[in-house]
Amino acid sequence: MILGQESYALWLSALQKTSWVTRGSLNPQETERLGKDLVEGISSTVITGSLSASLKKTLEDISIIGVRSGFTPSETAQFVFSMRPYIGDILHTKDYTHVMTLLDEAGLYTFETYLKTREEIIVNQRQDLLELSTPVIRLLDGILAVPLIGTMDSRRTQQIMEKLLNMIVETGAPLTILDITGVAIVDTLVANHILKTAAAVRLLGGNLIITGLSPSIAQTMVHMGVDLSSVITRAVMADGIALALDMLEKEIVKKQQPGNQVKETK
Amino acid sequence: MSNRIDIRNESDVVVARQIARQVASQMGFSLGDQTRITTAVSELARNIFLYAKQGWIEYQEITLGVRGRGIEFIFQDQGPGIPDVELALTVGYTSGNGMGMGLSGTKRLMDEFDIKSSPGKGATIRIVRWLNK
Amino acid sequence: MNKSSIVKIHNALVVTLQGEIDDRTALELQQEILQSVIRYQVSGVVIEISQLDLVDSYMARILSETARMIKLMGAETFLAGLRPMVAVTIVEMGLNIDGVKTALNLEVALEVLKGGR
């Protein structure tokens, strides 16, 4: 199948010196295997005139490795383009233009799959981050807590709202403490998101206590004319917890220890 | 290929809702999106019945490059039309029935929302929700 | 299609909304609820809607109006068991359900009406 053994060997050894191998993304054996698949793929493409399914598969593999190794799209495509000086001899072809066109096509295909792969990774990571950064915690019997951290956009608010509402129905918790201490910027948009969440919680029959309203946030809210009077707010989370317990007519008491001399007076 | 639902009486509004939920669920929309789509279809199907007495809905799955897959519903009638589209989309605007949140509320549930209407010539409303955002 | 029911439990009327409810049926139900408030002399009405998979602007208006009518007749209304995604849609649309108290579920609503809390 491979005719120009000598050129082929030359190309492979050139490939072994690229960042693909030197940076450890591929070991020499893997490089050889991919190289062989690539040459076979291109050679069958020369006959059919279009990229075969197996060649596409090889190119996709190259792209995925490129993305995972942190290569740029050009560095990734270089795996294919490095073949340029050798391919004519490797395939013993006279129709140089035709082969070059196909090689370009193959190189461009790695560009495409590179971008697609990276997009997929970004989408997954964003999803993971969203999930990670929005825990709904069962704080105490009947009380849920949501510590918000980072930025609050509509998408995240929506995600948090849905997760919280499901948890409320699942646990039957009448109270939720939403702590905004860790929210980077609290502006009118964020305030609106909070009001929306509070409205949805109320529709279910629950109640929301917002905590973490620092002096600066309180100032911003008033200056911007945001009306938060429809929700219960507190400066620190501890106060929110105390209030929640009070609303549920519960309290935390010191444990009675039988052997303890110190008696609780209450 | 688009499908069609005729709206001629009140129970057709219910039929439209059921179909919308079924199609949205089959396409893999989340429970939240299924509810949004079904609610939007309910609003707009009712509007056909209320204002034009009869009309129809065409719906189909659409794809648009990187946007991916989506669902499109087109509501058409030959009723009196909407004299002032801008006004009709104002929060709180009502021509009598409902809460005055029908059109503006529906718009907020969807990714795309267009109205074409001229007085006396009926109305065409197109809504789209994309599967991945 | 409409499988809703109205029953009296203690001093309350429990209305379970179920199945596909078209606009006319919603109005008929409103009428039936108001009549039942008089007939059974109840002090509260719980509308249980955990089986409803959507509340659009019309349904929201009917629920809100019904609650306000019941209030005029001297009784309280609770909306119980609203589904999370339905709540999200109501909020996103900007709908208001005025005059209604809400409860996580039927038990909680009945408890409150009984004067439990």
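The values are calculated or read from the model by the stated rules, or taken from the named source; none is laboratory data. These figures come from a predicted structure and were not determined experimentally. Glycine gets a Cβ as well: all are built from the backbone with ideal geometry, and neighbour counts include every protein chain shown. With ligands, DNA and RNA removed, areas are computed over all heavy atoms of the protein, side chains included. Shrake-Rupley method; radii C 1.70, N 1.55, O 1.52, S 1.80 Å.
On inspection, A:Asp187 passes the criterion of being closer than 30 Å to B:Asp111 by Cβ, acidic (Asp, Glu) and within 29 Å of the chain's Cα centre (by Cα). Within segment B:72-84, restricting attention to residues that are open to solvent by less than 40 Å² (accessible area, probe 1.4 Å) and out of contact with any helix residue (DSSP H, G or I) (no Cβ under 7 Å at 6 or more places or on another chain), the residue that is nearest to B:Lys116 (Cα to Cα) is B:Gly81. The helices (runs of 4 or more DSSP H) located wholly in segment B:1-113 that include 3 or more residues which are modelled with pLDDT of 85 or more and under 15 Å from the mean Cα position of the chain (by Cα) occupy B:10-26, B:31-47, B:102-109. Take the conditions (1) more than 14 Å from chain B (Cβ to nearest Cβ); (2) open to solvent by 40 Å² or more (accessible area, probe 1.4 Å); C:Leu104 misses just one of them, which is (2). In segment A:163-177, the residues that are more than 9 Å from chain C (Cβ to nearest Cβ) reach residues that are open to solvent by 10 Å² or more (accessible area, probe 1.4 Å) and in a helix (DSSP H, G or I) with C-beta atoms within less than 7 angstrom, at least six apart or across chains, in these pairs: A:Leu175/A:Met247; A:Ile177/A:Met237; A:Ile177/A:Ile241.
Restricting to segment B:42-63, count the residues that are within 13 Å of C:Asp53 (Cα to Cα) and more than 9 Å from chain C (Cβ to nearest Cβ).
The first filter runs over segment B:42-63 and keeps only residues within 13 Å of C:Asp53 (Cα to Cα), leaving B:42.
Among the residues that remain, those that are also more than 9 Å from chain C (Cβ to nearest Cβ) are: none.
Within segment B:42-63, residues that are within 13 Å of C:Asp53 (Cα to Cα) and more than 9 Å from chain C (Cβ to nearest Cβ) number 0.
Against the conditions (1) crowded, with 17+ Cβ neighbours inside 10 Å; (2) in contact with a strand residue (DSSP E or B) (Cβ under 7 Å, 6 or more places away or on another chain); (3) away from chain B (no Cβ under 13 Å), C:Ile21 satisfies every one except (3). Checked against the criterion of being touching a helix residue (DSSP H, G or I) at 6+ places or on another chain (Cβ under 6 Å) and open to solvent by 50 Å² or more (accessible area, probe 1.4 Å), segment A:126-134 contains not a single residue that satisfies it.
Restricting attention to segment B:11-48, the residues being open to solvent by 50 Å² or more (accessible area, probe 1.4 Å) and in contact (Cβ under 8 Å) with a residue 40 or more places away in the chain number 1.
When the helices (runs of 4 or more DSSP H) confined to segment A:164-265 are screened for residues that are open to solvent by 30 Å² or more (accessible area, probe 1.4 Å) and in contact with a strand residue (DSSP E or B) (Cβ under 9 Å, 6 or more places away or on another chain), those reaching at least 3 such residues are found at A:237-247.
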